[in-house]
Amino acid sequence: EQRFGKAGFGDVCWSLFEQGERGTIFNLALEQLQLAVDRAAISDLVTAYREHLPAIQLLDDARTLIETLHGQLGLAAVSAGPLAAQSQKVAALELELWLNPIILTDHWGREWWKPHQRAFMALEEHFGVHGTQLMYVRDNPVKDFIAPRALGWQTVRVRRERGLNYDREPEPGTEADFEVTDLRALLGMLNSLLGTA
């Protein structure tokens, strides 16, 4: 609003996102608001988006899982994407209170983003365990499970209704070992796998 003198940009962007647009949302939103679409404006919008501190919080089931397992099992995170954006998400969610290490693969460069194995191998080294002793939990069946599966990890897909990756189908060999709709279901699963049930 300050830059262009028009309100509603955020609402238009959100509407486009809910319609399935990806990658050109800012361009399309500027067009819909009859504003000039130029490289400088798009670059500034992308920078603002990636560097802002988001107003996000863990979903209830994620918080329950992390709080329950904290101190009982080693908990870590692997995240790919632009470093500034991922760092801000970690800060907003206060993940450093619960997870260690937190590997943001863009520290190494884009070529190390998922599905590269480097982050997963670093976690194996950090925890001193390998293969089925490790479990990776994520939501995108297209890229998330390729590297951990190749290393023999157990994999769990979180498939939330209305989730960004709900309708995505994996290629053969890239699917997760298990699928849940609520992370609290992992507590019982972990008890069984660890032989404590």
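So which chymotrypsin sites (Phe, Trp or Tyr not before Pro) in region 138-183 end up in coil per DSSP with only 13 or fewer other C-beta atoms within 10 Å?
Sparse-neighbourhood loop chymotrypsin sites (Phe, Trp or Tyr not before Pro): 166.
Looking only at 108, 14, 98, which one moves most when the chain is put into a Gaussian network model with springs between Cα atoms under 10 Å?
Greatest mean-square fluctuation among the candidates belongs to 14.
Assuming a viscosity of 1.567 mPa s and a temperature of 4 °C, what translational diffusion coefficient in µm² per second does Stokes-Einstein assign to region 7-93, Rh being the Kirkwood radius over Cα pairs?
84 µm²/s
Going by alpha carbons, how many degrees (0 to 90, nearest 10) lie between the helix axis of 9-18 and the longest principal axis of the chain?
50 degrees
Modelling each spin label as a point 7 Å along the Cα-to-Cβ direction, I'd like the residue 7/residue 127 distance in nm, to one decimal.
With each label point 7 Å from Cα toward Cβ, the separation is 4.9 nm.
Given only helices, namely DSSP H runs of n ≥ 4 each adding -39500 (n - 2.57), what is the per-residue ellipticity at 222 nm of the chain, to the nearest 500 deg cm²/dmol?
After summing the helix terms and dividing by the residues of the chain, the value is -11500 deg cm²/dmol.
Over 5 Å intervals from 0, what percent of Cα-Cα pairs in the chain sits in each interval?
P(r) for the chain, in whole percents per bin: 1, 6, 12, 16, 19, 16, 11, 8, 5, 3, 1, 0, 0.
For residue 167 paired with residue 63, estimate the spin-label separation in nm (one decimal), with each label point 7 Å from Cα along the Cα-to-Cβ line.
About 3.1 nm separates the two model spin labels.
Kindly state, to the nearest 0.05, the FRET efficiency for residue 107 paired with residue 31, given R0 = 25 Å and r defined as their beta-carbon distance.
Working from the Cβ atoms, E equals 0.10.
Which of the aspartates and glutamates could be linked to residue 143 by a straight reach, that is with a Cα gap under 20 Å, when you skip same-chain ones fewer than 8 residues away?
21, 106, 111, 124, 161, 167, 169, 171, 175, 177, 179
Per-residue counts of other Cβ atoms within 10 Å, averaged by peptide: what ranking do you get for 122-135, 51-64, highest first?
122-135, 51-64
Kindly report the accessible area of the chain per residue (heavy atoms of protein chains, probe 1.4 Å, no ligands, DNA or RNA), in Å².
61 Å²
By how many degrees, 0 to 90 and rounded to 10, does the Cα axis of helix 118-127 deviate from the longest principal axis of the chain?
Once rounded, one gets 40 degrees.
How much net charge surrounds residue 32 when only other residues with a Cβ under 13 Å from its Cβ are counted (Lys, Arg +1; Asp, Glu -1)?
Computed value for this residue: -2.
Put +1 on the Cβ of each Lys and Arg and -1 on the Cβ of each Asp and Glu in region 102-146; which of 136, 146, 123 then has its Cα farthest toward the positive end of the dipole?
The residue sitting most towards the positive pole is 146.
Where does helix 185-194 land angle-wise versus the long Cα axis of the chain, in degrees 0 to 90, nearest 10?
Roughly 30 degrees, rounded to the nearest 10.
The values are calculated or read from the model by the stated rules, or taken from the named source; none is laboratory data. Model, not experiment: these values are computed from the prediction. Here the Cβ is made from the backbone with ideal geometry for all residues, glycine too, and neighbour counts use every protein chain on show. Just so you know, the surface numbers come from the protein's heavy atoms only, side chains and all, with ligands and any DNA or RNA stripped out. Shrake-Rupley method; radii C 1.70, N 1.55, O 1.52, S 1.80 Å.
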